[in-house]
1. Nearest 0.05, what FRET efficiency do residue 358 and residue 378 give at R0 = 30 Å with Cβ-Cβ as r?
2. Leaving ligands, DNA and RNA out of it, report the carbon-plus-sulfur percent of the accessible area of the chain at a 1.4 Å probe.
3. Classify segment 1-48 from the C-alpha gyration tensor, please: rounded if a/c falls under 1.5, else prolate or oblate depending on whether a/b exceeds b/c.
4. Can you list the DSSP H helices in the chain whose Cα atoms extend at least 27 Å along the helix axis and whose mean Kyte-Doolittle hydropathy is 0.0 or higher?
5. Starting from 0.36 nm per residue, how many nanometres of slack lie between residue 152 and residue 389 once their C-alpha separation is accounted for?
6. Longest span of the chain, sites excluded, free of GluC sites (Glu not before Pro) in DSSP loop with at most 15 other C-beta atoms within 10 Å?
7. Under a point spin-label approximation (7 Å from Cα along Cα-to-Cβ), what is the residue 365-residue 160 distance to one decimal in nm?
8. Sort segment 203-293 into rounded, prolate or oblate with this rule: let a ≥ b ≥ c be the square roots of the eigenvalues of the Cα gyration tensor; rounded if a/c is under 1.5, and if a/c is not under 1.5, prolate when a/b is larger than b/c, oblate otherwise.
Amino acid sequence: MILRDSVTMFSGRRPLEQGMGGYDSIFLSRLGASAVQIGYVNGIQSLLSLLLAVPSGLFIDRSTDIRKIYYSSFLLSLPAFIGLYFTSDWRIYLVMMLVYTVALSIQFPSQLIIDIDSMEDTSRVSGLGFHRTITAVAGVASPMLIALAINYFGGLESADNIRPLFLLFFFADLLILYLLYRHLEPVNIEREKESGSLLDGLRSILESPIQLKLLLFSEVTTLFVMMMISPFRGIYQVDIKTATLIIFGWIGVAEPFIDVFLSIPLANLVEKYGRKKTAYIGHVFGILARLLLVATPVSLPSLLIMVSVLGSLEGCLYVGMDAYSQEAILQRVRGSYNGVKNLIAGLIGIAGPVIGGYIWEINPDLLFWIPVAQWSLIAFPILVILMERYSVDGNVLQ
(Lines give C-alpha, C1' and ligand atoms only; values in the text may rest on other atoms or scores of the structure.)
Protein backbone atom coordinates (compact mmCIF):
# COMPACT_ATOMS: atom_id res chain seq x y z
CA MET A 1 0.00 0.00 0.00
CA ILE A 2 2.69 2.46 1.04
CA LEU A 3 4.91 1.82 -1.99
CA ARG A 4 2.01 2.07 -4.41
CA ASP A 5 0.43 5.19 -2.91
CA SER A 6 3.80 6.93 -2.48
CA VAL A 7 4.42 6.64 -6.21
CA THR A 8 0.88 7.88 -6.90
CA MET A 9 1.38 10.87 -4.59
CA PHE A 10 4.76 11.66 -6.12
CA SER A 11 3.13 11.85 -9.54
CA GLY A 12 0.82 14.58 -8.21
CA ARG A 13 -2.34 12.48 -7.85
CA ARG A 14 -4.23 11.03 -4.91
CA PRO A 15 -4.98 7.32 -4.27
CA LEU A 16 -8.49 6.21 -5.26
CA GLU A 17 -9.13 9.47 -7.13
CA GLN A 18 -9.76 9.58 -10.85
CA GLY A 19 -8.50 13.17 -11.25
CA MET A 20 -5.28 14.25 -12.90
CA GLY A 21 -3.70 16.21 -10.07
CA GLY A 22 -6.20 19.07 -10.28
CA TYR A 23 -5.18 20.04 -13.81
CA ASP A 24 -8.05 18.16 -15.56
CA SER A 25 -10.47 21.05 -15.98
CA ILE A 26 -7.71 23.53 -16.79
CA PHE A 27 -6.38 21.22 -19.52
CA LEU A 28 -9.89 20.74 -20.94
CA SER A 29 -10.61 24.46 -20.93
CA ARG A 30 -7.32 25.13 -22.72
CA LEU A 31 -8.37 22.56 -25.35
CA GLY A 32 -11.35 24.82 -26.02
CA ALA A 33 -14.09 23.12 -23.99
CA SER A 34 -16.73 25.36 -22.38
CA ALA A 35 -17.96 24.89 -18.81
CA VAL A 36 -21.03 22.99 -20.04
CA GLN A 37 -18.88 20.78 -22.31
CA ILE A 38 -16.57 20.05 -19.38
CA GLY A 39 -19.70 19.04 -17.48
CA TYR A 40 -20.78 16.74 -20.30
CA VAL A 41 -17.32 15.11 -20.43
CA ASN A 42 -17.57 14.24 -16.74
CA GLY A 43 -21.24 13.28 -17.05
CA ILE A 44 -20.50 10.77 -19.81
CA GLN A 45 -17.73 9.27 -17.70
CA SER A 46 -20.27 8.90 -14.89
CA LEU A 47 -22.68 7.21 -17.30
CA LEU A 48 -20.04 4.61 -18.17
CA SER A 49 -19.25 4.16 -14.47
CA LEU A 50 -22.97 3.58 -13.93
CA LEU A 51 -23.16 0.92 -16.63
CA LEU A 52 -20.12 -0.86 -15.19
CA ALA A 53 -20.80 -0.39 -11.47
CA VAL A 54 -22.83 -3.46 -10.52
CA PRO A 55 -21.31 -5.82 -13.14
CA SER A 56 -17.80 -4.97 -11.92
CA GLY A 57 -18.88 -5.41 -8.29
CA LEU A 58 -20.38 -8.82 -9.02
CA PHE A 59 -17.34 -9.78 -11.08
CA ILE A 60 -15.07 -8.98 -8.14
CA ASP A 61 -17.37 -10.79 -5.69
CA ARG A 62 -17.14 -13.90 -7.90
CA SER A 63 -13.36 -13.69 -8.28
CA THR A 64 -11.09 -15.69 -6.03
CA ASP A 65 -7.80 -14.15 -7.20
CA ILE A 66 -8.10 -10.41 -6.49
CA ARG A 67 -4.44 -9.81 -7.28
CA LYS A 68 -4.81 -11.03 -10.86
CA ILE A 69 -7.70 -8.73 -11.76
CA TYR A 70 -5.93 -5.85 -10.01
CA TYR A 71 -2.91 -6.34 -12.30
CA SER A 72 -5.18 -6.44 -15.35
CA SER A 73 -6.81 -3.11 -14.47
CA PHE A 74 -3.42 -1.37 -14.52
CA LEU A 75 -2.51 -2.91 -17.88
CA LEU A 76 -5.78 -1.57 -19.29
CA SER A 77 -5.29 1.96 -17.96
CA LEU A 78 -1.75 2.55 -19.22
CA PRO A 79 -2.58 3.19 -22.93
CA ALA A 80 -5.07 5.88 -21.92
CA PHE A 81 -2.26 8.13 -20.65
CA ILE A 82 -0.44 7.91 -23.98
CA GLY A 83 -3.65 8.86 -25.75
CA LEU A 84 -4.15 11.81 -23.39
CA TYR A 85 -0.61 13.00 -24.06
CA PHE A 86 -1.23 13.20 -27.82
CA THR A 87 -4.80 14.52 -27.74
CA SER A 88 -5.48 17.95 -29.21
CA ASP A 89 -9.28 17.92 -28.92
CA TRP A 90 -11.54 17.63 -25.88
CA ARG A 91 -13.57 14.90 -27.63
CA ILE A 92 -10.49 12.68 -27.94
CA TYR A 93 -9.76 13.45 -24.29
CA LEU A 94 -13.22 12.07 -23.50
CA VAL A 95 -12.55 8.84 -25.41
CA MET A 96 -9.28 8.27 -23.56
CA MET A 97 -10.94 8.97 -20.21
CA LEU A 98 -13.64 6.41 -21.02
CA VAL A 99 -10.91 3.78 -21.47
CA TYR A 100 -9.45 4.90 -18.14
CA THR A 101 -12.89 4.70 -16.51
CA VAL A 102 -13.28 1.06 -17.61
CA ALA A 103 -9.96 0.24 -15.95
CA LEU A 104 -10.85 2.05 -12.74
CA SER A 105 -14.20 0.24 -12.48
CA ILE A 106 -12.15 -2.87 -11.64
CA GLN A 107 -9.08 -1.24 -10.13
CA PHE A 108 -10.71 0.79 -7.34
CA PRO A 109 -12.98 -1.92 -5.83
CA SER A 110 -10.25 -4.57 -5.96
CA GLN A 111 -7.75 -2.10 -4.49
CA LEU A 112 -10.15 -1.34 -1.64
CA ILE A 113 -10.41 -5.05 -0.79
CA ILE A 114 -6.61 -5.39 -0.80
CA ASP A 115 -6.21 -2.29 1.37
CA ILE A 116 -8.80 -3.38 3.94
CA ASP A 117 -7.34 -6.87 4.22
CA SER A 118 -3.81 -5.50 4.72
CA MET A 119 -4.56 -4.35 8.29
CA GLU A 120 -6.12 -5.86 11.39
CA ASP A 121 -9.16 -4.05 12.82
CA THR A 122 -7.34 -3.46 16.12
CA SER A 123 -4.48 -1.58 14.45
CA ARG A 124 -6.40 0.03 11.60
CA VAL A 125 -6.41 3.60 12.95
CA SER A 126 -2.68 3.67 13.68
CA GLY A 127 -2.04 1.87 10.40
CA LEU A 128 -4.01 4.44 8.41
CA GLY A 129 -2.19 7.24 10.22
CA PHE A 130 1.22 5.70 9.48
CA HIS A 131 0.23 5.12 5.84
CA ARG A 132 -0.95 8.73 5.51
CA THR A 133 2.31 10.06 6.94
CA ILE A 134 4.72 8.02 4.82
CA THR A 135 2.85 8.49 1.54
CA ALA A 136 2.54 12.21 2.21
CA VAL A 137 6.34 12.48 2.25
CA ALA A 138 6.27 11.57 -1.44
CA GLY A 139 3.56 14.15 -2.08
CA VAL A 140 5.14 17.15 -0.36
CA ALA A 141 7.51 18.25 -3.11
CA SER A 142 5.76 16.92 -6.21
CA PRO A 143 2.94 19.53 -6.57
CA MET A 144 5.44 22.39 -6.53
CA LEU A 145 7.85 20.53 -8.82
CA ILE A 146 5.00 19.90 -11.25
CA ALA A 147 3.92 23.56 -11.05
CA LEU A 148 7.48 24.71 -11.72
CA ALA A 149 7.76 22.28 -14.63
CA ILE A 150 4.53 23.59 -16.17
CA ASN A 151 5.77 27.12 -15.59
CA TYR A 152 9.01 26.19 -17.38
CA PHE A 153 7.03 24.91 -20.37
CA GLY A 154 5.04 28.17 -20.52
CA GLY A 155 2.38 28.18 -17.79
CA LEU A 156 -1.32 27.40 -17.64
CA GLU A 157 -2.36 29.36 -20.72
CA SER A 158 -1.81 26.47 -23.14
CA ALA A 159 -2.77 22.78 -23.12
CA ASP A 160 0.65 21.90 -24.56
CA ASN A 161 2.32 23.12 -21.37
CA ILE A 162 0.21 20.75 -19.24
CA ARG A 163 0.51 17.79 -21.61
CA PRO A 164 3.78 16.32 -20.15
CA LEU A 165 1.84 15.44 -16.98
CA PHE A 166 0.27 12.48 -18.75
CA LEU A 167 3.68 10.98 -19.49
CA LEU A 168 4.49 11.33 -15.79
CA PHE A 169 1.28 9.46 -14.91
CA PHE A 170 2.10 6.73 -17.44
CA PHE A 171 5.56 6.04 -16.02
CA ALA A 172 4.28 6.27 -12.44
CA ASP A 173 1.61 3.62 -13.06
CA LEU A 174 4.09 1.47 -14.96
CA LEU A 175 6.33 1.55 -11.88
CA ILE A 176 3.36 0.71 -9.64
CA LEU A 177 2.51 -2.27 -11.83
CA TYR A 178 6.10 -3.50 -11.49
CA LEU A 179 6.05 -3.06 -7.70
CA LEU A 180 2.74 -4.91 -7.44
CA TYR A 181 4.02 -7.74 -9.60
CA ARG A 182 7.16 -8.12 -7.50
CA HIS A 183 5.79 -7.59 -3.98
CA LEU A 184 2.00 -7.99 -3.74
CA GLU A 185 1.11 -11.20 -1.94
CA PRO A 186 -1.78 -13.36 -3.18
CA VAL A 187 -5.20 -12.10 -2.12
CA ASN A 188 -7.44 -15.15 -2.36
CA ILE A 189 -10.99 -15.21 -1.03
CA GLU A 190 -13.04 -18.35 -0.57
CA ARG A 191 -16.40 -18.04 -2.32
CA GLU A 192 -19.59 -20.01 -2.06
CA LYS A 193 -20.06 -22.50 -4.86
CA GLU A 194 -23.13 -20.72 -6.20
CA SER A 195 -22.45 -17.23 -7.52
CA GLY A 196 -25.03 -14.58 -6.84
CA SER A 197 -26.98 -12.81 -9.54
CA LEU A 198 -27.31 -9.08 -10.08
CA LEU A 199 -30.50 -9.06 -8.00
CA ASP A 200 -28.74 -11.00 -5.24
CA GLY A 201 -26.06 -8.33 -5.09
CA LEU A 202 -28.66 -5.58 -4.86
CA ARG A 203 -30.65 -7.54 -2.28
CA SER A 204 -27.60 -8.01 -0.08
CA ILE A 205 -27.35 -4.24 0.22
CA LEU A 206 -31.08 -3.59 0.60
CA GLU A 207 -31.27 -6.19 3.39
CA SER A 208 -28.18 -4.83 5.15
CA PRO A 209 -28.41 -3.13 8.59
CA ILE A 210 -29.64 0.47 8.81
CA GLN A 211 -26.17 1.78 9.64
CA LEU A 212 -24.85 0.47 6.33
CA LYS A 213 -27.71 2.16 4.47
CA LEU A 214 -26.99 5.45 6.28
CA LEU A 215 -23.30 5.12 5.45
CA LEU A 216 -24.18 4.44 1.82
CA PHE A 217 -26.48 7.49 1.67
CA SER A 218 -23.83 9.76 3.16
CA GLU A 219 -21.16 8.50 0.78
CA VAL A 220 -23.44 8.76 -2.25
CA THR A 221 -24.50 12.35 -1.54
CA THR A 222 -20.88 13.30 -0.92
CA LEU A 223 -19.88 11.69 -4.20
CA PHE A 224 -22.68 13.46 -6.04
CA VAL A 225 -21.58 16.85 -4.77
CA MET A 226 -17.97 16.07 -5.65
CA MET A 227 -19.08 15.10 -9.16
CA MET A 228 -20.73 18.49 -9.50
CA ILE A 229 -17.76 20.57 -8.36
CA SER A 230 -14.60 18.56 -9.12
CA PRO A 231 -14.54 19.38 -12.87
CA PHE A 232 -14.49 23.07 -11.99
CA ARG A 233 -12.36 23.23 -8.86
CA GLY A 234 -9.09 24.00 -10.66
CA ILE A 235 -10.70 26.63 -12.90
CA TYR A 236 -12.39 28.14 -9.85
CA GLN A 237 -9.10 28.50 -8.01
CA VAL A 238 -7.17 29.87 -11.00
CA ASP A 239 -9.68 31.81 -13.09
CA ILE A 240 -12.12 33.01 -10.39
CA LYS A 241 -10.05 33.24 -7.20
CA THR A 242 -6.98 34.41 -9.20
CA ALA A 243 -4.54 31.80 -7.85
CA THR A 244 -1.19 31.95 -9.63
CA LEU A 245 0.59 28.79 -10.77
CA ILE A 246 2.88 29.03 -7.72
CA ILE A 247 -0.10 29.36 -5.36
CA PHE A 248 -1.70 26.41 -7.16
CA GLY A 249 1.49 24.47 -6.48
CA TRP A 250 1.45 25.43 -2.78
CA ILE A 251 -2.19 24.30 -2.59
CA GLY A 252 -0.96 20.86 -3.63
CA VAL A 253 1.99 20.97 -1.22
CA ALA A 254 0.01 22.01 1.89
CA GLU A 255 -2.04 18.83 2.28
CA PRO A 256 0.82 16.29 2.21
CA PHE A 257 3.01 18.65 4.28
CA ILE A 258 0.45 18.60 7.11
CA ASP A 259 0.07 14.84 6.69
CA VAL A 260 3.81 14.28 7.14
CA PHE A 261 4.01 16.05 10.47
CA LEU A 262 0.55 15.49 11.93
CA SER A 263 -0.88 12.19 10.64
CA ILE A 264 0.74 9.98 13.28
CA PRO A 265 0.32 12.45 16.21
CA LEU A 266 -3.34 12.99 15.29
CA ALA A 267 -3.88 9.25 14.80
CA ASN A 268 -2.51 8.82 18.33
CA LEU A 269 -5.06 11.41 19.50
CA VAL A 270 -7.78 9.36 17.82
CA GLU A 271 -6.56 6.29 19.71
CA LYS A 272 -6.38 8.25 23.00
CA TYR A 273 -9.62 10.23 22.86
CA GLY A 274 -11.68 7.89 20.71
CA ARG A 275 -12.91 7.78 17.13
CA LYS A 276 -16.17 9.59 17.90
CA LYS A 277 -14.89 12.87 19.36
CA THR A 278 -12.08 13.24 16.86
CA ALA A 279 -14.40 12.47 13.93
CA TYR A 280 -16.65 15.32 15.04
CA ILE A 281 -13.70 17.73 15.22
CA GLY A 282 -12.43 16.55 11.85
CA HIS A 283 -15.84 17.06 10.30
CA VAL A 284 -15.95 20.66 11.56
CA PHE A 285 -12.55 21.28 9.95
CA GLY A 286 -14.06 19.95 6.73
CA ILE A 287 -16.96 22.40 6.93
CA LEU A 288 -14.52 25.27 7.52
CA ALA A 289 -12.40 24.19 4.54
CA ARG A 290 -15.39 24.16 2.19
CA LEU A 291 -16.56 27.50 3.55
CA LEU A 292 -13.17 29.15 3.19
CA LEU A 293 -12.91 28.08 -0.46
CA VAL A 294 -15.98 30.19 -1.26
CA ALA A 295 -15.15 33.02 1.14
CA THR A 296 -11.58 33.62 -0.06
CA PRO A 297 -11.45 37.12 -1.62
CA VAL A 298 -9.93 37.47 -5.08
CA SER A 299 -7.50 39.98 -3.59
CA LEU A 300 -6.03 37.31 -1.29
CA PRO A 301 -5.82 34.02 -3.25
CA SER A 302 -3.05 32.75 -0.95
CA LEU A 303 -5.84 31.89 1.54
CA LEU A 304 -6.63 28.96 -0.74
CA ILE A 305 -3.56 27.27 0.71
CA MET A 306 -5.33 27.28 4.09
CA VAL A 307 -8.22 25.38 2.45
CA SER A 308 -5.78 22.51 1.83
CA VAL A 309 -4.44 22.77 5.39
CA LEU A 310 -7.94 22.50 6.88
CA GLY A 311 -8.79 19.66 4.50
CA SER A 312 -5.68 17.77 5.57
CA LEU A 313 -6.51 18.27 9.26
CA GLU A 314 -9.97 16.91 8.49
CA GLY A 315 -8.48 13.82 6.89
CA CYS A 316 -6.01 13.22 9.72
CA LEU A 317 -8.73 13.40 12.39
CA TYR A 318 -11.22 11.46 10.26
CA VAL A 319 -9.21 8.21 10.22
CA GLY A 320 -11.46 6.83 12.96
CA MET A 321 -14.52 7.30 10.77
CA ASP A 322 -12.59 5.93 7.79
CA ALA A 323 -11.82 2.81 9.82
CA TYR A 324 -15.48 2.51 10.88
CA SER A 325 -16.57 2.79 7.24
CA GLN A 326 -14.24 -0.03 6.23
CA GLU A 327 -15.15 -2.31 9.13
CA ALA A 328 -18.90 -1.79 8.73
CA ILE A 329 -18.84 -3.47 5.31
CA LEU A 330 -18.71 -7.26 5.54
CA GLN A 331 -16.11 -8.81 3.26
CA ARG A 332 -18.66 -10.97 1.46
CA VAL A 333 -20.57 -7.89 0.22
CA ARG A 334 -17.71 -5.44 -0.31
CA GLY A 335 -17.74 -5.85 -4.07
CA SER A 336 -21.54 -5.57 -4.19
CA TYR A 337 -21.52 -2.60 -1.81
CA ASN A 338 -19.06 -0.67 -3.93
CA GLY A 339 -20.88 -1.71 -7.09
CA VAL A 340 -24.25 -0.53 -5.76
CA LYS A 341 -22.69 2.66 -4.37
CA ASN A 342 -21.23 3.40 -7.80
CA LEU A 343 -24.54 2.49 -9.42
CA ILE A 344 -26.51 4.95 -7.30
CA ALA A 345 -23.80 7.59 -7.59
CA GLY A 346 -23.85 7.08 -11.34
CA LEU A 347 -27.61 7.47 -11.56
CA ILE A 348 -27.48 10.88 -9.92
CA GLY A 349 -23.96 11.70 -11.06
CA ILE A 350 -24.49 11.50 -14.81
CA ALA A 351 -26.26 14.83 -14.64
CA GLY A 352 -24.12 16.14 -11.76
CA PRO A 353 -21.23 17.64 -13.77
CA VAL A 354 -23.67 19.00 -16.37
CA ILE A 355 -25.76 20.62 -13.63
CA GLY A 356 -22.52 21.93 -12.18
CA GLY A 357 -21.63 23.45 -15.56
CA TYR A 358 -24.97 25.27 -15.80
CA ILE A 359 -24.72 26.49 -12.19
CA TRP A 360 -21.18 27.68 -12.97
CA GLU A 361 -22.46 29.78 -15.85
CA ILE A 362 -25.04 31.35 -13.51
CA ASN A 363 -22.62 31.96 -10.62
CA PRO A 364 -19.42 29.99 -9.86
CA ASP A 365 -19.64 30.85 -6.15
CA LEU A 366 -23.14 29.34 -5.97
CA LEU A 367 -21.74 26.01 -7.18
CA PHE A 368 -19.20 25.90 -4.36
CA TRP A 369 -21.77 26.69 -1.68
CA ILE A 370 -23.33 23.27 -2.36
CA PRO A 371 -20.57 21.18 -0.67
CA VAL A 372 -20.78 23.47 2.37
CA ALA A 373 -24.50 22.69 2.66
CA GLN A 374 -24.13 18.93 2.04
CA TRP A 375 -21.25 18.42 4.49
CA SER A 376 -23.08 20.44 7.16
CA LEU A 377 -26.71 19.36 6.74
CA ILE A 378 -26.46 15.78 5.46
CA ALA A 379 -23.09 14.20 6.18
CA PHE A 380 -22.72 15.60 9.70
CA PRO A 381 -26.12 14.44 11.06
CA ILE A 382 -25.48 10.96 9.64
CA LEU A 383 -22.04 10.92 11.28
CA VAL A 384 -23.66 11.74 14.63
CA ILE A 385 -26.28 8.99 14.23
CA LEU A 386 -23.65 6.38 13.28
CA MET A 387 -21.34 7.34 16.13
CA GLU A 388 -24.04 7.66 18.82
CA ARG A 389 -26.40 4.81 17.95
CA TYR A 390 -24.47 2.27 15.91
CA SER A 391 -21.01 2.24 17.41
CA VAL A 392 -19.14 1.98 20.67
CA ASP A 393 -17.03 5.14 20.49
CA GLY A 394 -16.63 4.69 16.74
CA ASN A 395 -16.06 0.93 16.78
CA VAL A 396 -18.54 -1.17 14.84
CA LEU A 397 -21.10 -2.93 17.03
CA GLN A 398 -20.62 -6.67 16.79
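The values are calculated or read from the model by the stated rules, or taken from the named source; none is laboratory data. Quick caveat: nothing in here was measured; it's all calculated off a predicted structure. Cβ sites come from the backbone with ideal geometry, for glycine too, and all protein chains shown count toward neighbours. The area values use the complete protein model at the heavy-atom level, side chains included, leaving out ligands, DNA and RNA. Shrake-Rupley method; radii C 1.70, N 1.55, O 1.52, S 1.80 Å.
1. It comes to 0.85.
2. The nonpolar share, carbon plus sulfur, comes to 66 percent.
3. Taking the square roots of the gyration eigenvalues as a ≥ b ≥ c, segment 1-48 is oblate.
4. 35-62, 66-86, 90-117, 124-153, 164-183, 210-229, 245-273, 275-295
5. 79.9 nm
6. That would be 208-398.
7. Spacing of the two 7 Å Cα→Cβ label points: 3.8 nm.
8. It comes out oblate by the Cα gyration axes.
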